[in-house]
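The values are calculated or read from the model by the stated rules, or taken from the named source; none is laboratory data. Just so you know, these numbers come straight off a predicted model, no measurement behind them. Please note: Cβ atoms are built from the backbone with ideal geometry, for glycine as well, and neighbour counts cover all protein chains shown. Areas reflect the complete protein model, heavy atoms only, side chains present, ligands, DNA and RNA absent. Shrake-Rupley method; radii C 1.70, N 1.55, O 1.52, S 1.80 Å.
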Amino acid sequence: MILLRNLRRHAMPLGLAGALLWSAPAHAEPLQTETVRVSASRVEKELLDVPMAVSVMTEEEIKTSPAATVGGLLQDIPGVQVVNSGAQGLKRISIRGESPNRVLILIDGQKIAENKSMDGTALLIDPAMIERIEVIKGPASVLYGSEALGGVVNIITKKGGKKPIQGQITTSYNGSTRGFAESLSLFGGYEGFKYRATGANTYQHNLSTPDGEARHSKFKQQSGSAFLSYDFSPNFTAGGMYEQFYSEIMSGDTSSPNFFVDISPWERKKAAVFAEAKDVAFFLPRLRLDAFWQHSRKKMLNHVEVAEAPMSMLMDNHANNKNEQWGASLQSDWNIGENNYLIAGYEFNRDGLDATTDTDTKTVIKPNPMVTMTTLTDKHYKYKGYMDTHALFALMESKLPWDFTLSYGVRQTWVQSHMGTAEGWQRVKKSPAYNPVFGDIDAGTAGDNWESHPVFNVSLMWQGIDDLTLRAGFSQGFRVPNLQEKYVISSMGGGTVNPNPDLTPEKSNTWELGARYSAFGLNLDLTGFYTVAEDYISSQQTGNNIYFYKNVSQAKTHGVEFSGSYDLPYGFTPYIDLTWMKRQFDNGNYKTWKTGTPEWTGRTGVRALYPVNESLDVIGDAYIRFATKNEQESGSARTMYSNSSWTTANAMMGVKFGDSKQYAVVGEVLNIFNQKYALGTGESIYEPGVHANIKVSVEF
């Protein structure tokens, strides 16, 4: 009802905005978009032929979006929730209600490791580097392994060009943070060589919300990349690339002004090489080898102040976490007879962790005006370990009679988790003498553990009608506990969570029914799903602010994801992206449907693309975003967090011009009615109030 009231209230201004944006001449014809191709199934094919729920953020959509982060690009995809963790520069992704640490983040098919985090992997790449983003919804562990329990975000970076020298320059301004972003890219291709070099920079100030300025929300990012490949023949290509991403991020809390997290820096460096051979033999159409090295480093200050008479406390936690990765994969594609296509491969990945944490605590107790007692406590923790992952996978696609296609696959994964160093000490000084007392403290445990886990999937597609695909599928997912959950004591955020070396992998089973149709200007994509997950790793309270990881939780999730659009005459395209989802969580002590997942989320509106002439296009979009009430019940006391339903009105207009439409100017006004809302629960900061953004890009 709240959504309907908001729609009625906004109907007239939205109609006026649409009329102003699109007074298109009567002779305009619908524009046909290019076929969307994806590599979600580890081989590139048309979206209609992919046997899973996949959404794609295309290069053109990224080009016209002024979003400063990857999270901003993904926020409207059905089934996806953006989690900002109290920081605009640190967005994470939840898929189908699964927390971000159950979503696998890949860049060019290679994962970003995060072995010491309770929040999951962040999106450490600038939008200027990205060609497209593929989001697989639901378990994809057969193809991509551990952490793909909820889904996969695969970010494909830009590579070379078609002309010897090409380039792109972009600059944008974000009115909610009074911040600028710039990028420069030089690329091309000549006699078998392809190359690209890109640099990007953004600085965003504290966020402006309807509740005022969000303290501790500013961030900056700097990144660069280089790519080079050579076609030794029409059927053999080899190349390599290097990426570097640097960020400084502040994170705050709407209810605790004396709490903040300062991550300075959070950086990622990556070097990768590849070689790909095509049509090796009539039975071997493709053979590809990839290898990479990746290093990520996060220095973090967690600052907490508490002042409740007669005691006050000041605590600073300093963490310096380093993740070093080495990985390689070999994939081979096989034609087995006329009707069977097999993808088989091997993957190895080593995720190394080298982390230190220092905690400085000052506690002052003043029982009366004449007495002050002060305690200074310094704690130091050091950890060094690694996770080695070996995996064999195979996926077969078989053409059956009557236009059916059967896909079925298996992955066997072996993981060795090893913590060689887990040690800690503390120094305590008390007034008035301040004589230090030294001693060892519990820092977790060293240890070594092997896990072996198989997963399966199967799907059946029917394509007996042109441009229509019906599918039914079953898929399994799993997630191996990371080093922190097994071996590392965590004390960030005011509580202490103890590790458990006996943890086992989390598991899930998902059933899906889906349909896709694309023809005559009509595009429809509908998926219904039901997921049963078990052996979730959950922190169980064992004392005052003391917790312990256990495999005790489970969840059941069901929902429907829908995307639809229709190209009308005169350049108009009404569209809708909609998710309905219900999720029940059971932590072993109680069950609840209040899991922080809104029942309804979506975006709907009308966009337009009108070619004025051969050198000028006018584009526009008027739309609303909405979500129903968001409630979360958690903790032994079953504490309730909630955010109200919200609806925002938004409008965008732009032009593309030049001989080859190489210039683009896009402006947008978001949250036109200054709606006060938050995407998450509890600690989340409010989203921006009414503001304008603009983006200018030039290609040459």
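General observations
- Contact order normalised by residue count of the chain, Cα under 8 Å, 6+ apart, percent: 12 percent
- Remark: the chain carries 44 Å² of accessible area per residue (probe radius 1.4 Å; ligands, DNA and RNA excluded).
- Dipole orientation for the chain: of the candidates GLN110, THR421, VAL304, VAL304 has the Cα lying most toward the positive pole (charges on Cβ; Lys, Arg +1; Asp, Glu -1).
- Angle between the chain longest axis and helix 2-21 axis [Cα atoms, degrees, rounded to 10]: 50 degrees
- Whole-Hz ³J(HN,Hα) from phi, Karplus 6.51 cos²θ - 1.76 cosθ + 1.60, for region 508-524, glycine and proline x: 8, 10, 10, 10, 9, 10, x, 8, 10, 9, 8, 5, 6, x, 9, 10, 10
- Label zone (GLU46, point 7 Å along Cα-to-C-beta; backbone nitrogen cut-off 20 Å) within region 398-428: 398-407.
- Once Rg/Rh (Cα atoms, Kirkwood Rh) is calculated for the structure shown, the corresponding label among [x] 1.00; [y] 1.06; [z] 0.97 turns out to be [z].
- Amide H contacts of TYR677 (H built 1.01 Å from N, under 5 Å, at least 5 apart or other chain): GLU687
- The alpha-carbon of LYS362 sits under 16 angstrom from the alpha-carbons of these aspartates and glutamates, leaving out residues fewer than 8 places away in its chain: GLU305, GLU308, ASP316, ASP378.
- Rounded FRET efficiency, nearest 0.05, which uses the C-beta distance separating LEU289 from GLN662 and R0 of 35 Å: 0.45
- At most 14 other Cβ within 10 Å, DSSP loop - GluC sites (Glu not before Pro), region 249-354: GLU338
- Projecting the Cα atoms of TYR190, ALA651, ILE672 onto the dipole axis of the chain, where Lys and Arg carry +1 and Asp and Glu carry -1 at the beta carbon, places ILE672 farthest toward the positive end.
- Difference of contour (0.36 nm per residue) and Cα-Cα distance, TYR530 to LEU342: 64.9 nm
- Residues with amide H under 5 Å from that of GLU147, placed H, sequence gap 5 or more: PHE478, ARG479, VAL480
- Straightening the chain between TRP600 and ILE165 buys 151.9 nm, computed as 0.36 nm per residue apart minus the Cα-Cα spacing.
- Sequence of TRP646, TRP580 from largest to smallest accessible area, 1.4 Å probe: TRP580, TRP646
- Inter-label distance, nm, simple model (7 Å from Cα along the C-beta direction), ASP586/VAL655: 6.1 nm
- Farthest toward the positive end of the dipole of region 547-700, out of TRP600, PRO611, TYR566, is the Cα of TRP600, where the dipole comes from beta carbon charges about the Cα centre.
- Within region 252-344, none of the trypsin sites (Lys or Arg not before Pro) combine a DSSP coil assignment with at most 12 other C-beta atoms in a 10 angstrom radius.
- Taking ASP253, ASP388 and ordering them by how much accessible surface each has at a 1.4 Å probe, largest first, produces ASP253, ASP388.
- Using heavy atoms of the protein chains and a probe of 1.4 Å, the accessible area assigned to LYS384 is about 110 Å².
- Working note: 222 nm ellipticity from helices only, DSSP H runs with n ≥ 4, each -39,500 (n - 2.57), summed and divided by the residues of the chain, gives -1500 deg cm²/dmol to the nearest 500.
- Charged-residue dipole, Cβ positions (Lys, Arg, Asp, Glu), region 481-542 about Cα centre, Debye nearest 20: 120 debye
- Only Lys, Arg, Asp and Glu carry charge here, each on its Cβ (+1 for the first two, -1 for the last two); on that basis the chain has a dipole of about 1260 debye about its Cα centre.
- Take each peptide in 431-440, 603-612, count the other Cβ atoms within 10 Å of every residue, and average; sorted highest first, the result is 603-612, 431-440.
- Taken about its Cα centre, region 609-670 carries a charge dipole of roughly 260 debye when the Cβ of each Lys and Arg holds +1 and the Cβ of each Asp and Glu holds -1.
- What a 1.4 Å probe finds exposed on region 344-492 is 60% carbon and sulfur by accessible area, rounded to a whole percent.
- Listed residue pairs exceeding 18 Å between alpha carbons, taken from LYS382/LYS550; LYS322/LYS550; LYS163/LYS661; LYS507/LYS556; LYS111/LYS269; LYS163/LYS194: LYS382/LYS550; LYS322/LYS550
- Region 352-461: GluC sites (Glu not before Pro) in DSSP coil with no more than 11 other Cβ atoms inside 10 Å: none
- Computed packing ranks the peptides 455-466, 622-633 as 622-633, 455-466, most packed first, by mean other Cβ atoms within 10 Å.
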